[in-house]
Amino acid sequence: MSYKWKRENWGCELGDNERIIDWSFLAELNFTLAALLTSKGGVLIYSDVGSSGAKLCVTHLQKFASTVNEAAAICVLPDASGLAFILLKGSVLLVPLRCILDVPWGRCDILASDSVSILEVNGVEEGCLCTPTSALCYSGHHSNRPYLIYANKVLLLYFFKTHLFFLFCVLL
């Protein structure tokens, strides 16, 4: 059995030397949300909810924070209320989804629906080995609050309890 690859036209093209460097998604019955991060700070968000049909939103990190040009990783919060961008020096940019898309969901106690937060991480060393490589967000079993974990090339793990903006790191 084989499958034929079919290119979909989303109405946008990546620029010269621009590529998808990270992506994150949530998928449930009648709900798909995918966020893609490009090497030049572009953000592509694909949503397909119920009978409303598929939609694509194309934006840039500078729309949310004028000093931010690039990020290393992206993660959709587990309740689809926002996106977490892991910046190159380890800080975290939290963006409510309602700042990007006109959606009926995304209300939560964690993120204000109209404000963007940058969580500065102190003590992150410079250099290519400290560049964040991956991010994961999940809801805690007992607290039902989202936790954000990201790692870098030197195997430092950073944990965020997003409702308290609490950070600790573990060296493996």
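Quick one: which of V68, V95 is touching a residue at least 24 places away in the same chain (Cβ under 8 Å) and not in a loop (DSSP other than H, G, I, E, B)? Walk me through it before giving the result.
Details: V68 fails: not in a loop (DSSP other than H, G, I, E, B).
The unique qualifying residue is V95.
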Exercise for review: Scan region 24-49 residue by residue and report those that are in contact (Cβ under 8 Å) with a residue 12 or more places away in the chain, over 21 Å from P132 (Cβ atoms) and in a strand (DSSP E or B).
Suggested key: F31, T32, L33, Y46, S47, D48, V49
Check your understanding: Does region 118-168 hold any residues that are hydroxyl-bearing (S, T, Y) and either assigned to a loop (DSSP other than H, G, I, E, B) or at pLDDT 75 or above (or both), and which are they?
Key -> T131, T133, S134, Y138, S139, S143, Y147, Y150, T162
Exercise for review: Quick one: in region 93-110, of everything that is over 14 Å from F64 (Cα atoms) and out of contact with any Ser or Thr (no Cβ under 6 Å at 6 or more places or on another chain), which residue is modelled with the highest pLDDT?
Suggested key: D102
Review point. Is at least one residue of region 56-71 at pLDDT below 85, over 30 Å from N30 (Cα atoms) and under 16 Å from the mean Cα position of the chain (by Cα)?
Key: yes
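The values are calculated or read from the model by the stated rules, or taken from the named source; none is laboratory data. This one's a predicted model, so the numbers in the text were calculated from it and none came from an experiment. Don't worry about glycine lacking a Cβ; one is built from the backbone with ideal geometry, like all the others, and counts go over all protein chains shown.
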